[in-house]
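The values are calculated or read from the model by the stated rules, or taken from the named source; none is laboratory data. As the structure is a computational prediction, the values presented were derived from the model and not from experiment. When we count neighbours, we look across all protein chains shown, and the Cβ atoms used for this are built from the backbone with ideal geometry, even at glycine. Just so you know, the surface numbers come from the protein's heavy atoms only, side chains and all, with ligands and any DNA or RNA stripped out. Shrake-Rupley method; radii C 1.70, N 1.55, O 1.52, S 1.80 Å.
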Amino acid sequence: MEIIKQNYLSNLNDNQKEAINNIDGPCLIVAGAGSGKTKVLTTRVVHIIKEKKAWPNQILCVTFTNKAAREMQNRISSLLKEKVKSLPWLGTFHSVSAKILRRHAQAVGLNSSFTIIDQEDQLRLIKNICKAENIDIKKISPQFVLSIINQWKNKGLLPKDVFIKKRPPLEKNILNVYKFYQERLTILNSCDFGDLILLCVEMFKNNPDILELYLNNFKYILVDEYQDSNYIQSNWLKLLAMKNNNICCVGDDDQSIYSWRGAEIRNFLDFSKTYKNTKIIKLEQNYRSTQNILTAASELIANNKDRLGKKLWTDSKDGELVKLSCYKNGRDEAVGISDTIEQKLKKKYSLNNISILVRAIFQTREFEERFLKIGMGYRVIGGTKFYERAEIKDSVAYLRIVNQKNDDLAFERIINNPKRAIGDSTLKQLHSWGRKNKKSLEDSALELVQLNKIKPKAKLGLVKILNLFNKWRSDLKIKKHYELMEIILDESGYSKILKDKKDLESEGRLENLKELIRGMHDFDNLQGFLEHVALATSIDQDWDGEKVNLMTMHAAKGLEFDVVFLPGWEEGMFPHQKSLEEKGDLALEEERRLAYVGLTRAKKESFISFVENRMYRGDWIDALASRFIEELPEKNIQKEEIKEQNNDDFFFNQDIDYNEGIKSPGWARLQKKKLKRIK
């Protein structure tokens, strides 16, 4: 295969060339943010082919996403004169594993036409098993069962490998479900996403002849984003690399932010222990950000103990100092940031190159409200706009039907949400009666119940919810509309359903509901709030033109923008209190890595902000500036003056004891109040 005329090693720095030329033996490339890791990885593949070290189909390239795999494929093709048709082993861990399994399906009790089931099918199967085993899915939700099973699979544990004796009773029940679940999958000639790698590893361990085929075939293995690998993925790689030992992993331990998905940072940190005589090469020259941004990020992340260590630098100018602002409250923060964009940044940058990165997705609400008010375009990346999220639309539908009993669309949305045995046939009956008698669905339901024309189970569900409608309308006369929202979520069973699921998605939805209630405090009454929601959702959000990007810091990994805003840097918000409570110092280091990721998304300007007060469950609480702020180097920071802000209230070098609160005189006014952390 002929290489194009231009030298594919040109335009590379010395460290990048070293990473490409060290082909043989284990190699760990510690690639800092914006240091050109994808360029190095793809050029290394081309170099192996050019040096005739291996045929293209003897190279295995593993990525974490299909998008990354496509990008690598395109880059390799652009460095070679023709498309790389003979490089079949480039893909995600799961896609490569699926390909291997289909070739040897019988070795794991399947045939080559096996089906890979999605999450919906997984939950349906688990639900059926729970019913058969008399497990109450109201007490142990199928989503929670599935999350535990996925954890076991990520750790390389089939049912036979899970140690039972010291397990709590709940996990013993789940283990039984796991056994039946795997048996059922085999009968159905199916496997789930987690099985693809796990069954591959089991097959290699139990069938040395099959493993030998791939040991002989894969002369070189290259892995992208290795810091995000989990236990079973690491084992999969160790098995495939055990003969030739030519494994090159690229990644950044300072950007390991997915432990909640099962990622094990120890895989990266212990690479040289796993693979003897490892060559470690650091890519520290950054091609993305200014030096001030890089220095701030480097000094911050240096506070982590579990890291290999590196310091980013750039040939570009120092650039703007990182701006640090303190606002009175969350609303002022949203106004201040939008004003900065409108009055200063819009003249210099496209809105498409400006991003607001938050720790939790519910934080976007105040910014969305502000942008809607001033008519600034925005998009929510990696998530849905606040008032378009399912849990928000459900909650608003409850309020709509309480406010106006003839709102059939709201009635239809929530009448069986959560489940009340009111199925499609009952709803069809209500529609038919309503059309015939020119009645609303609620009135139709009331009449059909009184006439005893509804099936018993559905009748019970209807009677209960109709009584609740009447109760909530009475409650509205004596309670605030935001208090009513809390009552509705509780008495309808909606919040309980989310709490019982015990997964990250449900936790996020609960946070969104809390943010909805917080937002309702800004309106005098229910009618005013519902009008606002109607107008907010009816505005055409897909107008042409530029838009500010809103997303979480997790969703921003791998992206870059000219300008980045990082609001909400307060204790409890960031670092996140729940993470600290569950995982302690390990979580703190991951939160700090997340801060590092956020900072290094910015190419030219970065803005960090925190507030003195946050609204929490209807009460104003005093917020404590994030410990990460004190870890930023003062020489690279510019403290922004805020209107109506006493300068004494904004003191950079806080002397903070995170058990006792703030000791610095600069925060004396805040210290007079009882300091609480946002939970």
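Geometric descriptor of region 255-310, per residue, is 107 Å³ (volume of the convex hull of the Cα atoms). Here the Karplus relation 6.51 cos²θ - 1.76 cosθ + 1.60, evaluated at θ = phi - 60°, turns the backbone of region 559-569 into coupling constants of 9, 8, 9, 4, 10, 10, 9, 10, x, x, 7 Hz, with x for every Gly and Pro.
Net charge of the neighbourhood of Glu369, taken over other residues with C-beta under 10 Å away and scored Lys/Arg +1, Asp/Glu -1, is +1. In terms of overall dimensions, region 510-643 has a Cα radius of gyration and Dmax of 17.6, 51 angstrom. Which of rounded, prolate, oblate describes region 331-423, given a ≥ b ≥ c as roots of the alpha-carbon gyration tensor eigenvalues and a/c under 1.5 marking rounded, otherwise prolate only if a/b is larger than b/c? It is prolate, given that a/c is not under 1.5 and a/b is the larger ratio. Think of the chain as having a plus end and a minus end, set by charges on the Cβ of Lys, Arg, Asp and Glu; of Leu199, Ser147, Ser10, Leu199 sits farthest toward the positive end of this dipole. The local environment of Ile129, defined by Cβ-Cβ distances under 12 Å, has a net charge of +3 under the rule Lys, Arg +1 and Asp, Glu -1. With n ≥ 4 as the cut-off for DSSP H runs, can you work out [θ] at 222 nm for the chain, using -39500 (n - 2.57) per run divided by the number of residues, rounded to the nearest 500? Estimated from H runs of four or more residues: -14500 deg cm²/dmol. Binning the alpha carbon pair distances of region 558-626 at 5 angstrom intervals from zero yields the distribution 4, 16, 21, 20, 19, 14, 6, 1, expressed in whole percent.
Note on region 87-151: Cα convex hull, mean projected area over all directions, 5.8 nm².
Summed over all non-identical Cα pairs, the Kirkwood treatment of region 3-83 gives a radius of 13.3 Å. Both radii are taken from the alpha-carbon atoms of region 491-563; with Rh as the Kirkwood radius, Rg/Rh is 1.06. In the chain, the DSSP beta bridges split such that about 15 percent are antiparallel, to the nearest 5.
Return the unpartnered cysteines for the chain, using a Cβ-Cβ cut-off of under 4.7 Å. Lone cysteines by the Cβ rule: Cys61, Cys130, Cys191, Cys200, Cys249, Cys326. Tell me, what % of the accessible area of the chain is carbon and sulfur with a 1.4 angstrom probe? Roughly 48 percent of what the probe reaches on the chain is carbon or sulfur.
Per-residue packing, averaged as other Cβ atoms within 10 Å, sorts the ranges 283-294, 246-257 into the order 246-257, 283-294, beginning with the highest.
Other residues within the sphere of radius under 13 Å centred on the Cβ of Ser355, judged by their own Cβ, net out at +2 (K and R +1, D and E -1). Rolling a 1.4 Å probe over the protein heavy atoms gives region 1-63 an accessible area of 41 Å² per residue. P(r) tail for region 178-220: Cα pairs beyond 13 Å make up 64% of the total. What the phi angles of region 60-77 give under the Karplus curve with 6.51, -1.76 and 1.60, with θ = phi - 60°, is a coupling list of 10, 10, 10, 10, 9, 9, 5, 4, 5, 5, 5, 5, 4, 4, 5, 5, 5, 4 Hz, glycine and proline written as x. Taking the average, over residues, of other Cβ atoms within 10 Å as the packing measure, peptides 28-40, 264-276 rank 28-40, 264-276 from highest down. A Förster distance of 56 Å, applied to the separation of the beta-carbon atoms of Glu120 and Asn245, puts the FRET efficiency at 0.85.
Rounded to the nearest Hz, the phi-derived 3J(HN,Hα) couplings of region 105-121 under the Karplus curve 6.51 cos²θ - 1.76 cosθ + 1.60 (θ = phi - 60°) are 4, 4, 5, 10, x, 10, 10, 5, 8, 4, 9, 9, 7, 8, 5, 4, 5, where x marks glycine and proline. Pair-distance distribution P(r) for the chain, from all Cα-Cα distances in 20 Å bins starting at 0: 16, 43, 34, 7, 0 percent. Averaging Cα coordinates gives a centre for region 244-272 and one for region 197-228; these two points are 17 Å apart.
The amide H of Lys603, built 1.01 Å from its N in the peptide plane, has Phe561, Asp562, Val563 as neighbours under 5 Å, considering only residues 5 or more places off or on other chains. Backbone amide hydrogens, once placed in the peptide plane, bring Lys282 within less than 5 Å of Val30, excluding anything fewer than 5 places away on its chain. Protection proxy ranking, highest mean first, for peptides 120-130, 357-367: 357-367, 120-130, where packing is the per-residue count of other beta-carbon atoms within 10 Å, averaged.
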